[in-house]
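Input: a single structure, listed below in structure tokens.
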Amino acid sequence: MTMQECSVNRCTARADEVFYVEGPDEQALPVCASHKEIMDSGEDWVLRHQAGNAGHSSGILTLHDVPWRVLAVSAMKVGGNKPGLILHLTLSHSGESKETQLLLPWDEAEVLKGILDS
């Protein structure tokens, strides 16, 4: 019988616990005891899915591996040789926050719109 590893990114500990993800794609994820405790405590975590393989997990990100989260966003239309939007983002990670601005050209905005509409 093979040992099942924890589903958390880069964790090679034995998965002796199960974390249940509720929702339309309900899943039971094998995790080690320490990562189950982190996930149960309410810390941010993200379940990644393989591209084109929705419903099949390819890893859980916890703690510092979780990407920055968007807290607030505003946009302003701009012209020039790269017309589009300037996005003003307020980001948060591990209790820290920061402000940043991104130029989103119209062609890339269409790609983003397609992703959000699907």
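The values are calculated or read from the model by the stated rules, or taken from the named source; none is laboratory data. Because the structure is a prediction, the values reported are computed rather than measured. All Cβ positions, even for glycine, are placed from backbone atoms using ideal geometry, and neighbour counts span all protein chains on display. Heavy atoms of the whole protein, side chains included, go into the accessibility calculation; ligands, DNA and RNA do not. Shrake-Rupley method; radii C 1.70, N 1.55, O 1.52, S 1.80 Å.
Among 77, 98, 36, whose mean-square fluctuation peaks in a Gaussian network model of the chain (Cα, cutoff 10 Å)? Among 77, 98, 36, the largest GNM mean-square fluctuation belongs to 77. Only protein heavy atoms count here; under a 1.4 Å probe, residue 92 has an accessible surface of about 20 Å². Measuring with a 1.4 angstrom probe and ignoring ligands and nucleic acids, residue 70 comes out at about 80 Å² accessible.
Of the chain, which part is the longest with no GluC sites (Glu not before Pro) in a loop (DSSP not H, G, I, E, B) and with at most 15 other C-beta atoms within 10 angstrom? Of all site-free stretches, the longest is 44-118. Annotation: lysines with alpha-carbon distance below 19 angstrom to residue 82 (same-chain offsets under eight excluded): 113.
The length gained on full extension between residue 102 and residue 26, counted as 0.36 nm times the residue separation minus their Cα-Cα distance, comes to 23.9 nm.
Give me the one-decimal Kirkwood hydrodynamic radius in Å for the chain, with the sum taken over alpha-carbon pairs. Answer for the chain: a Kirkwood hydrodynamic radius of 17.0 Å. Heavy-atom accessible area for residue 49, with the other protein chains in place and a 1.4 Å probe, reaches approximately 90 Å². With θ taken as phi - 60° and the Karplus curve 6.51 cos²θ - 1.76 cosθ + 1.60 applied, the whole-hertz 3J(HN,Hα) list for region 111-118 is 4, 4, 4, x, 5, 5, 7, 8 Hz, x standing for glycine and proline.
In this structure the amide hydrogen of residue 7, modeled in the peptide plane, comes within under 5 Å of the amide hydrogens of 31, 32, none closer than 5 places in sequence on its chain.
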